[in-house]
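Data block below; observations after.
The values are calculated or read from the model by the stated rules, or taken from the named source; none is laboratory data. Just so you know, these numbers come straight off a predicted model, no measurement behind them. Counting neighbours? That spans all protein chains shown, and the Cβs are built from the backbone with ideal geometry, glycine included.
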Amino acid sequence: MTVGLSESQERYVVRALQLALLGLVGYGTATAQFAIAATGGLALGITLLPAWLRREYGYSMDAGLVLWITAAVILHTAGSLGLYEWYQWYDEIAHTVSASVVAGAGYAAFRAFELHSDEIDVQPAFRSVFIVVFVLATGVVWEVMEFAFGGLVTVYGIDDIVTDFVFNAVGAIIVAIWGTGSVGELVGFFRRRLRSESEN
């Protein structure tokens, strides 16, 4: 995946965003705003997932993909600081970007299973439908978690949930139409892991 930056530039941007998240965790802890600290900590943990994959499995994720994931969690974390309340369009952008990440991961896993198994052979149109359904199902789980952890996550009401689902679908459709090629390396990684598991 490319966003018009060199790989080294993409990595520098990711590191800067991770430092911003670390600063947010420190700020939330120092001011006893533990919801902010928890949100920042969770987001930081997600951005460290590619480094964990490299250490544990030797998989070096494309820098553009790492930046894509990091941008999604940064958008949601910044939104929790008040941007969701101030700007309706910000919530829509954040959900579109994060849904596109979920769509990419879901597609990569599904495509890896398809390539791994001789019994699975689906049409490209079905893959697109799967991406959208997978993202919407993940959105349902997320909304349930928001209600379950209402003390840590602000719940804005039914209208907001409907809007979230609309823009989750937008992110999924974007990936279904244009973005599946961006996760080709991730498909390969998942496929190698499936092959490794089946050989053990």
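For the reader, a short list of remarks on this structure follows.
- Residue list for the stretch 39-94, filter: touching a residue at least 40 places away in the same chain (Cβ under 8 Å) and under 15 Å from Gly23 (Cβ atoms): Thr39, Thr70, Val73, Ile74, Thr77, Ser80, Leu81
- Taken residue by residue, the stretch 60-81 has no member that is at positive phi and either in the same structural domain as Gly188 (by TED's automatic domain parsing) or not basic (Lys, Arg) (or both).
- Within the stretch 113-120, one or more residues are outside the structural domain of Tyr27 (by TED's automatic domain parsing) and either under 28 Å from Tyr27 (Cβ atoms) or among the β-branched types (Val, Ile, Thr) (or both).
- Exclusive hit being within 24 Å of Ile131 (Cβ to Cβ), crowded, with 19+ Cβ neighbours inside 10 Å, among the β-branched types (Val, Ile, Thr) and touching a Ser or Thr at 6+ places or on another chain (Cβ under 6 Å), set Thr77, Thr47: Thr47
- Residue among Ser196, Ser128, Ser182, Ser117 that alone is modelled with pLDDT of 85 or more and polar (S, T, N, Q): Ser128
- Unmet requirement for Tyr90, which otherwise passes all of (1) surrounded by 15 or more Cβ atoms within 10 Å (Cβ to Cβ); (2) modelled with pLDDT of 85 or more; (3) farther than 24 Å from Ala37 by Cβ: (3)
- Residues of the stretch 26-40 that turn out to be surrounded by 13 or more Cβ atoms within 10 Å (Cβ to Cβ) and out of contact with any Ser or Thr (no Cβ under 9 Å at 6 or more places or on another chain), as a count: 5
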